[in-house]
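See below for the structure under consideration.
The values are calculated or read from the model by the stated rules, or taken from the named source; none is laboratory data. As the structure is a prediction and not an experimental result, all values here were calculated from the model. Neighbour counts are summed over all protein chains in view; Cβ atoms, including those assigned to glycine, are modelled from backbone coordinates with ideal geometry.
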Amino acid sequence: MSEKKLLEQNASPIQKRHMGLKATRALSNTAIYALLVAISVIWLIPFACILLQSFRVESTWQVGYVIPQQWGFDNYVNLFKTDFPRWYTNTFTAALVTAVLQTIIVLCMSYTLSRFRFKLRKPLMRFMLILGMFPGMLTMIILYRVLKDLGLTQANAVPGLILVYIASSGMGYYVSKGFFDTIPKSLDEAARVDGATRFQVLKKIILPLSKPIVIYTILTAFMGPWGDYVFAQYISFGTSSGMNVAVGLYRWLNKDQIAASYTMFCAGGVLVAIPVTVLFMCLQKYYVEGVTGGAVKG
Amino acid sequence: MKKYSDLEYLKLSKGQKLLYKITSFFCAIPQKIAGLFVALWNLILKGYNIVKNEAVDIWTTFVQGDWKTKVSFLVMGFGNIARGQILRGLLFLLFEVVFIGYMILAGGYWLSMLPSLGKVGPTEEYDFVLDAYYTVYNDNSFKILLYGVLTIFFIIGFVYTWRVNVRQNKLAEKILKSGKKLKSGKDDLRSMVDDKFHATLLSLPLTGILIFTVMPIVFMILVAFTNYDGAHDGYYSNLFTWVGWDNFNTMLNWNVAKGGGSVQSYAATFGEVLSWTLMWAFFATFTNYFLGMFVAMAINKKGIKLKKLWRTVLVLTIAIPQFISLLYVSKMFAKNGIVNGFLMSMGWISEALPFWEDPTWARITVILINIWIGIPHLMLITTGILMNIPADLYESARIDGANPWQQYTKITLPYMLFVTGPYLLTSFTGNMNNFNVIYLLTGGAPTNPAASSAAGTVGYTDLLITWLFKITQGAESQYYLASVVGILVFVVVALISLVVYNVLPSIKNEEDFQ
């Protein structure tokens with residue numbers, strides 16, 4: 001009898017169980033690794049495909065294979081012969097302006113609802129909850145007519161779009177309110193006792209502590225318009241120069257255009273995705289904080 | 001039905017407990033409805049009392065007030081100015097002047113036109129000089145409705161301001177009588193950044209919400225009672241006018257198939273779309289919830305390395321705009337797309353799979369792709385909560401010999417459901433209105449031929465929200481139907497939220513038992 005076997009025979013039940021646990025843990029960890037690798041592959045395949053197909057030169061329509069037979073930058077070059085640069089600047093302007101203004105509005109709203117106790121606070125929050133149950137798209141029908149009368153649609157869609165994006169953004173206060181709720185109120189009170197006005201409390205005490213939520217708000221406010229389809233579709237109303245990238249690229253996949261512009265769509269998609277992905281990855285930490293902190297408190 | 005005491009309840013078996021809960025829920029419904037009516041009656045009483053008290057207060061203010069107060073009833077802000085609060089008084093006065101000017105110049109006209117929404121549509125006139133007919137545009141129903149609503153808002157605002165003006169006079173008299181000083185304009189300005197700071201902060205967001213959300217919603221609710229569509233746009237083609245409850249009757253009528261040889265009644269189409277919407281919301285919410293939790297637990301498990309890498313890979317789908325990823329994935333599953341191409345080249349299938357052509361295939365594919373979109377979000381959300389579960393709970397469970405599945409069902413799941421209950425509700429209603437996933441993936445396809453001629457084209461994967469969008473597109477643009485659908489969406493969402501909110505506390509109570 002070998003020494004090892006002897007050891008196993010003499011091992012106490014607890015030790016035996018420990019060995020068994022170790023084996024199962026190793027086994028289950030391997031299974032989990034396999035699963036995670038599979039998930040990663042599934043999650044990455046579409047993005048890998050879109051990247052590869054954007055370099056395909058031999059044909060512009062949909063094909064059943066992924067790896068191009070001929071590589072080249074033709075699709076990217078062709079992009080700049082279309083309205084794509086215009087759409088890109090439209091989207092970028094709208095997203096940038098919206099990010100700034102929406103952040104200010106959302107922070108005003110959430111800070112107030114988190115910090116102040118006034119008579120209409122509860123009714124106001126309930127009212128906005130009910131308001132949020134209406135499909136937002138419904139309002140676009142009238143907003144389109146009104147903006148059209150003001151001359152802010154079609155070719156001039158960008159200012160109109162910005163107006164639509166920021167106007168109701170106060171309703172999205174939930175996440176940042178959840179964050180402000182976690183900052184101890186005693187800080188405010190101490191400052192108030194020392195004679196600071198409410199405004200000074202906000203400027204000198206709360207804002208410096210709120211960096212994560214400010215960044216989170218800016219990030220989401222930027223990404224919203226960057227990928228918006230519905231509102232942009234209404235307001236540009238078929239006028240190419242007023243479109244954003246989503247509406248423009250969507251049209252390339254129409255039945256009559258897809259054969260000529262499928263690979264161009266891929267190239268455009270890559271160009272649209274890169275900046276926002278880089279931005280997101282850099283600020284990922286704050287996004288995760290916002291989502292985990294705010295979403296659950298509702 | 002027999003009511004159990006707490007002790008008796010605890011003795012029941014699991015099935016009996018569930019049965020008991022379900023029956024007691026349904027037995028409580030009549031009671032709840034009765035309660036609703038009582039609450040409604042109380043609300044009416046309360047409203048009546050408020051109005052009565054206000055009227056009495058206004059009357060006593062007038063009778064007991066000095067002459068400055070009495071003049072203020074007509075000339076707003078007069079009392080403020082006479083007592084030295086120039087800034088406030090001027091603002092009141094300015095508001096009154098603007099209001100009266102507006103009502104005389106425009107508001108009166110819009111209000112008077114509101115009941116008819118315009119009398120004269122566009123007419124053809126003959127031009128003698130050019131010897132040709134040209135169109136003259138007259139009334140504008142759209143503007144009448146819009147400005148009519150705005151005018152009503154304005155009147156309500158004015159009445160409220162007038163009331164504030166009266167109350168301020170009363171207060172000012174009281175303060176002066178007690179020998180104190182009134183606030184000066186400088187004090188007012190200071191209080192804007194101090195004790196009235198909340199009003200300053202809220203003014204901008206609330207104005208936006210009022211103009212761009214409340215007003216349009218009121219407008220669209222009203223549109224549901226008109227015949228506003230592409231052929232009656234209220235100015236260029238024809239005027240539109242009030243039609244009462246007709247649109248609701250059309251939408252909710254099972255028998256009549258209106259609108260030129262349609263195969264199915266509107267109600268049947270609506271019912272089909274609604275049931276798929278609910279089905280979709282259910283699957284989309286819960287598949288994502290459980291699979292997302294599962295992935296989060298897998299990544300969090302002790303001994304798993306490269307946690308950050310796995311998370312980053314998943315988070316990529318959040319970063320990349322949905323219209324790119326979803327549109328691309330939708331094309332991947334097309335008949336001549338990569339997925340079919342791959343499966344065929346491997347020799348696993350001989351014919352392309354009908355991912356988007358067959359109703360059932362399309363519905364399942366949509367739910368599966370939604371998992372791809374949704375898991376990363378849920379993974380992020382649940383990771384944070386999972387880490388908050390006290391580790392000693394698991395430790396003691398392990399010592400008692402619980403296997404991982406038992407640990408999951410007895411510790412993890414109850415805890416998660418407890419914390420994420422409200423989130424599940426919002427994500428359910430959010431999924432009901434998940435325009436992006438459906439519209440960008442399928443656009444509602446495959447088309448439902450039976451429903452196709454009733455209110456636009458309806459497909460098997462259309463949600464109410466995408467249907468609504470499609471109704472408003474194109475030349476027909478039946479805006480009135482879109483508003484009806486929108487209102488019905490609101491009703492459904494509100495009902496679900498109401499029921500769930502009432503059930504949620506019971507879930508919490510159960511938590512206390514365990």
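Which residue, of B:Ala55, B:Ala106, B:Ala34, is under 28 Å from B:Phe154 (Cα atoms), loosely packed, with under 14 Cβ neighbours inside 10 Å and not assigned by TED's automatic domain parsing to the domain that holds B:Leu145?
Every option except B:Ala55 fails the conditions.
Could you list, ordered by first residue, the pairs with Cβ atoms under 8 Å in which the first is in segment B:43-68 and closer than 20 Å to B:Asn169 by Cα and the second is modelled with pLDDT under 90 and not in a helix (DSSP H, G or I), at least 6 apart or interchain?
Partner pairs satisfying both residue conditions: B:Phe62/B:Phe73; B:Lys68/B:Arg83.
Read through the list (1) β-branched (Val, Ile, Thr); (2) within 24 Å of the chain's Cα centre (by Cα); (3) within 13 Å of another protein chain (Cβ to nearest Cβ), then give the number of the only condition that A:Thr93 fails.
Result: A:Thr93 fails condition (3) only.
Just to be sure I understand, how many residues within segment B:456-500 are without any contact (Cβ under 8 Å) to a residue 40 or more places away in the chain and assigned to a loop (DSSP other than H, G, I, E, B)?
3
Please go through segment B:190-241 and pick out each residue that is more than 10 Å from chain A (Cβ to nearest Cβ) and modelled with pLDDT under 85.
Matches in segment B:190-241: B:Asp229, B:Gly230, B:Ala231, B:His232, B:Tyr236, B:Ser237, B:Asn238, B:Leu239, B:Phe240, B:Thr241.
Those residues that are outside any helix (DSSP H, G or I), more than 8 Å from chain A (Cβ to nearest Cβ) and touching a Leu at 6+ places or on another chain (Cβ under 9 Å), I need them from segment B:291-316; list them, please.
Passing the criteria: only B:Leu306.
Of everything in segment B:355-394 that's over 26 Å from the mean Cα position of the chain (by Cα), of a type outside the set (A, V, I, L, M, F, W, C) and assigned to a helix (DSSP H, G or I), which residue is nearest to B:Gln406 (Cα to Cα)?
For segment B:355-394, the residue satisfying everything is B:Tyr394.
To keep it simple, each residue is scored yes or no on (1) more than 8 Å from chain B (Cβ to nearest Cβ); (2) part of a helix (DSSP H, G or I); (3) at pLDDT 85 or above; (4) under 20 Å from B:Asn436 (Cα atoms).
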residue	(1), (2), (3), (4)
A:Ala246	no, yes, yes, yes
A:Ser261	yes, yes, no, no
A:Phe265	no, yes, yes, yes
A:Gly268	yes, yes, yes, yes
A:Leu271	yes, yes, yes, no
A:Pro275	yes, yes, yes, no
A:Tyr286	yes, yes, no, no
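Take segment B:116-143 and flag every residue that is more than 14 Å from B:Asn238 (Cα to Cα) and either touching a strand residue (DSSP E or B) at 6+ places or on another chain (Cβ under 7 Å) or touching a residue at least 24 places away in the same chain (Cβ under 8 Å) (or both).
B:Glu125, B:Tyr126, B:Asp127, B:Tyr133, B:Tyr134
One residue is enough: does segment A:136-150 have a residue meeting the conditions within 30 Å of B:Ile144 (Cα to Cα), out of contact with any helix residue (DSSP H, G or I) (no Cβ under 7 Å at 6 or more places or on another chain) and more than 9 Å from chain B (Cβ to nearest Cβ)?
Yes, there is a match, as at least one residue in segment A:136-150 is within 30 Å of B:Ile144 (Cα to Cα), out of contact with any helix residue (DSSP H, G or I) (no Cβ under 7 Å at 6 or more places or on another chain) and more than 9 Å from chain B (Cβ to nearest Cβ).
Just the residues that are more than 7 Å from chain B (Cβ to nearest Cβ), among the charged types (D, E, K, R) and surrounded by fewer than 18 Cβ atoms within 10 Å (Cβ to Cβ), please, taken from segment A:20-62.
The answer is A:Lys22, A:Glu58.
Please name all residue pairs, on different chains or six or more residues apart, with Cβ atoms under 6 Å, provided the first residue is in segment B:288-310 and is free of Cβ contacts under 8 Å to residues at least 40 places away in the same chain and the second residue is assigned to a helix (DSSP H, G or I) and polar (S, T, N, Q).
Close Cβ pairs (under 6 Å, with a partner that is assigned to a helix (DSSP H, G or I) and polar (S, T, N, Q)) amount to B:Gly303/A:Asn29.
Being of a type in the set (Ser, Thr, Tyr) and modelled with pLDDT under 80 is the filter; apply it to segment A:37-75 and report the residue that is nearest to B:Leu353 (Cα to Cα).
A:Tyr65
May I ask you to verify whether A:Gly160 is in the same structural domain as A:Ile218 (by TED's automatic domain parsing) and farther than 30 Å from A:Ser210 by Cα?
Criteria met by A:Gly160.
Give B:Asn340, B:Asn370, B:Asn288 a once-over and let me know the one that is in contact with a Leu (Cβ under 7 Å, 6 or more places away or on another chain), at pLDDT 85 or above and among the polar types (S, T, N, Q).
After applying the criteria, what remains is B:Asn288.
If you check B:Thr426 against the conditions, is it farther than 29 Å from A:Ala232 by Cα, modelled with pLDDT under 85 and either within 12 Å of chain A (Cβ to nearest Cβ) or in contact with a His (Cβ under 6 Å, 6 or more places away or on another chain) (or both)?
no
Kindly evaluate A:Tyr234 against the criterion of being crowded, with 23+ Cβ neighbours inside 10 Å, facing another protein chain (nearest Cβ under 9 Å) and either without any contact (Cβ under 8 Å) to a residue 24 or more places away in the chain or part of a helix (DSSP H, G or I) (or both).
For A:Tyr234, the condition - crowded, with 23+ Cβ neighbours inside 10 Å, facing another protein chain (nearest Cβ under 9 Å) and either without any contact (Cβ under 8 Å) to a residue 24 or more places away in the chain or part of a helix (DSSP H, G or I) (or both) - is met.
Any idea which of (1) under 30 Å from A:Lys177 (Cα atoms); (2) part of a helix (DSSP H, G or I); (3) at pLDDT 85 or above is the one A:Trp87 doesn't satisfy?
Of (1) under 30 Å from A:Lys177 (Cα atoms); (2) part of a helix (DSSP H, G or I); (3) at pLDDT 85 or above, only one is false for A:Trp87: (1).
Could you list, in sequence order, all residues of segment A:63-91 that are surrounded by 14 or more Cβ atoms within 10 Å (Cβ to Cβ), within 15 Å of A:Gly269 (Cα to Cα) and touching a Phe, Trp or Tyr at 6+ places or on another chain (Cβ under 8 Å)?
A:Asn75, A:Thr91
Tell me, please, whether a residue that is over 25 Å from the mean Cα position of the chain (by Cα) and loosely packed, with under 15 Cβ neighbours inside 10 Å can be found in segment A:136-147.
No, that holds for no residue.
Which of the residues that make up segment B:333-354 are surrounded by fewer than 21 Cβ atoms within 10 Å (Cβ to Cβ), hydrophobic (A, V, I, L, M, F, W, C) and within 8 Å of chain A (Cβ to nearest Cβ)?
B:Ala334, B:Phe342, B:Met344 - these are the residues of segment B:333-354 that are surrounded by fewer than 21 Cβ atoms within 10 Å (Cβ to Cβ), hydrophobic (A, V, I, L, M, F, W, C) and within 8 Å of chain A (Cβ to nearest Cβ).
Exactly one condition in (1) away from chain A (no Cβ under 13 Å); (2) touching a Gly at 6+ places or on another chain (Cβ under 8 Å); (3) not charged (D, E, K, R) is false for B:Asn247; which is it?
B:Asn247 satisfies every listed condition except (2).
Residue by residue through segment A:192-209, note down the ones that are away from chain B (no Cβ under 11 Å) and touching a residue at least 40 places away in the same chain (Cβ under 8 Å).
Hit for segment A:192-209 is A:Ile206, nothing else.
What is the residue count in segment B:12-26 for residues that are hydrophobic (A, V, I, L, M, F, W, C) and either surrounded by 12 or more Cβ atoms within 10 Å (Cβ to Cβ) or under 30 Å from B:Arg163 (Cβ atoms) (or both)?
So the answer is 3.
List every residue pair whose Cβ atoms lie under 9 Å apart, where the two residues are 6 or more positions apart in sequence or sit on different chains, the first residue falls within segment A:95-109 and is assigned by TED's automatic domain parsing to the domain that holds A:Ser176, and the second residue, located anywhere, is basic (Lys, Arg) and in a helix (DSSP H, G or I).
Close Cβ pairs (under 9 Å, with a partner that is basic (Lys, Arg) and in a helix (DSSP H, G or I)) amount to A:Met109/A:Lys177.
So for segment B:198-205 (the condition being free of Cβ contacts under 8 Å to residues at least 12 places away in the same chain and out of contact with any helix residue (DSSP H, G or I) (no Cβ under 8 Å at 6 or more places or on another chain)), does at least one residue qualify?
Yes, segment B:198-205 has at least one match.
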